[in-house]
1. Kindly identify the stretch 31-121 as rounded, prolate or oblate by the Cα gyration tensor criterion: order the square roots of the eigenvalues as a ≥ b ≥ c, call it rounded if a/c is under 1.5, otherwise compare a/b with b/c, prolate if a/b is larger, else oblate.
2. Kindly list the residues of the stretch 309-323 that lie in the label zone of residue 53, defined by a backbone N under 11 Å from the point 7 Å along the Cα-to-C-beta vector.
3. Can you figure out the FRET efficiency of residue 184 with residue 121, using R₀ = 25 Å and their beta-carbon distance, to the nearest 0.05?
4. Any idea what the alpha-carbon Rg over 2.2 N^0.38 Å comes to for the chain?
5. When only Cα pairs under 8 Å and 6 or more residues apart are kept, what is the percent relative contact order across the chain?
6. The stretch 202-221 to the stretch 14-43: how many Å between their Cα centroids?
7. Separation between the residue 321 and residue 92 pseudo-spin-labels, each 7 Å from Cα along Cα→Cβ, expressed in nm?
8. Efficiency by 1/(1 + (r/R0)^6): what FRET value for residue 177 and residue 17, r their Cβ-Cβ distance, R0 = 25 Å, to the nearest 0.05?
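Where a number appears in this text, it was derived from the coordinates with a stated rule and is not lab data. Fair warning: this is a prediction, and the values are worked out from it, not measured in the lab. Glycine also receives a Cβ, built like all others from the backbone with ideal geometry; neighbour counts cover every protein chain displayed.
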């Protein structure tokens, strides 16, 4: 399953700060699903997104994460097929890049090195986002910093990304410094968790932009994640994942005649707030739209959300270009 392309296709696209990058996020099918059915699921997903223009897909590495919170998990945890397998299927069937998440909490150094070599050589995986422990109370065999170092030193030229969490910035005020530290460790792009509190994201992005200016650093690509919410249980899952949902936002969704479409309106408004706030800074941005459940209504909602948010992002980028031309003139 090796590929002739020796480099990530995404790297060249990410380097052009005047364009956005656009993804659909998904999870591998459950591990008890037969392989031929996994292939069918991949085809159905790609059929759903066939009429929208995406740069690629994001495949999440689902973990139990029971150590992260005392809240009970709204949906029971079930193991999934190998992210590399599903990424490889989606890549081959769509001919688009796929970003593969990898949780390193259960790895040691040798295991992770083997995972990385197999990812590249057997599955054609080149774009990787590493995820560390969900709780500081866990026993950690492979610190995230060591995992980054392993990928940077690997014989294959991985394009490495990291996760950024605005909620962490709201509580600790140092997420912008984490971004810069991860950049020095090898990260060239970052993906946020789902956004329902735009102000927390605005604060983090603004701090990051100013810190990069002060240090003379080029800001790395920041991909903003949004997810529709069509039910009380989905909202509980969003909050269980650690996403900050203001009380008024939660009440708006739950008391709406159509919670799904109300959540889509909220996400569209949140993105616009973020874009309006960061336009003074030259931050390269992107979008990742995910459905957190396999409910058809929410999957279809994520496609509608993608179309709306992509339109807003394209308009934002055009406005930036116009401002540049006016300043030059």
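1. Working: a/c = 1.90, a/b = 1.30, b/c = 1.46.
Note, shape of the stretch 31-121 comes out oblate.
2. Those under the cut-off are 311, 314.
3. Details: r = 28 Å, r/R0 = 1.11.
The formula returns an efficiency of 0.35 here.
4. Numbers: Rg = 19.1 Å, N = 329, 2.2 N^0.38 = 19.9 Å.
So the Cα radius of gyration is 0.96 times the expected 2.2 N^0.38 Å.
5. Working: 545 pairs, mean separation 60.8, N = 329.
That works out to 18 percent.
6. Comparing the Cα centres of the stretch 202-221 and the stretch 14-43, I get a distance of 30 Å.
7. That separation, rounded to one decimal, is 3.7 nm.
8. Details: r = 22 Å, r/R0 = 0.88.
So the FRET efficiency works out to roughly 0.70.
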